[in-house]
Structure formats: structure tokens, C-alpha cells
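Here's the structure, in C-alpha cells; my notes come after.
The values are calculated or read from the model by the stated rules, or taken from the named source; none is laboratory data. This is a predicted model, so every value here is computed, not measured. When we count neighbours, we look across all protein chains shown, and the Cβ atoms used for this are built from the backbone with ideal geometry, even at glycine.
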Amino acid sequence: MFKIISLLTFLNIIYFSTSVTQFQYKSCGDNNDIGQNLILDVSPKLPQIDYTLFLNADLSQEVNNGTSKYSITYNFIPFQPSIEDLCTEINNSNISCPLIGHIASESKGSIPQDVSGTIVIKNEWFNELNIRILCMQFTIKT
């Protein structure tokens, strides 16, 4: 999975003990983002362990390099944001840098078990000039 794209990075740190009762995802971007028409989908809709993330977006300019920033709250407590290399991160999906035109990504993920509560993950991609490409937000409740 391209760590929901480092999402897995944090889901592998924060484990779930009970069944997932909510798995919501949405775009948190705006009209100034390089990526527009962002469509996210997850299958199955309420993953218990394994799922597939689908991401589609139209890019207004080529992206050769960038970063992926993660902001996480667990039971409404914020954690220190982390920043990953975007091109390294998306290598776990079916897309790679450079990103040009329409991107359609499919990546696998899993939700381990052991902690319950609410996790909100905000994932923002930025290009090499620090202009936001897209923004995704995931809310997981167990």
C-alpha cells in the first residue's frame, strides 16, 4: 500500500483489538491543489483486517518528487506529524514518479489488532516546491 499511503505506517503502530465499526475517507483538499477530482474508495467498506485502497486524481502539472505528510490523532490526542518521501512511499502501489495527468492507484493495506478508539489520519502530498498535490483524511473507529 502506498501508505495511506503511509497510512499503513501508522496503522502498523496503532493496533486494534475490536472490530472496525467505522472506516471513513474523504478529500480534505481545495481548489488550489495540483490534484483535482480526487476520488477515494476502500474495499471492503468496513475492513476488519485486509483492504484495498483506490485513489484517482487529475494532476494539473507533473510531479517529479515530493513529500507525504501525516498528521494523526488517537482518541483526540495529536501525535507529532511525520514526513515521508512521496516517490519512495508510492512505490508500494501501482504508480510511480513522475506523476503525470490522471493517476489511478490501487494499493493493499491491513488493519492489525490490539487498541480501540478513534484514529484520524490526515495525509497530504506536496511537490518539490512544497505546493500541495492532494489531501486525504481517514477516520477509523473500533
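Assorted remarks:
- Looking across the stretch 68-103 at every residue that is part of a loop (DSSP other than H, G, I, E, B) and hydrophobic (A, V, I, L, M, F, W, C), the one that is nearest to the chain's Cα centre (by Cα) is identified as I95.
- Taken over the stretch 110-125, the residue count meeting the criterion of being at pLDDT 80 or above and surrounded by 20 or more Cβ atoms within 10 Å (Cβ to Cβ) is 5.
- Of the residues making up the stretch 86-103, not a single one is without any contact (Cβ under 8 Å) to a residue 24 or more places away in the chain, among the acidic types (D, E), touching a strand residue (DSSP E or B) at 6+ places or on another chain (Cβ under 7 Å) and under 16 Å from N123 (Cβ atoms).
- Subset tally (residues that are surrounded by fewer than 18 Cβ atoms within 10 Å (Cβ to Cβ) and outside any strand (DSSP E or B)) for the stretch 23-41: 4
- Considering the conditions (1) in contact with a helix residue (DSSP H, G or I) (Cβ under 7 Å, 6 or more places away or on another chain); (2) in a strand (DSSP E or B); (3) not polar (S, T, N, Q), L55 is excluded by exactly one of them, (1).
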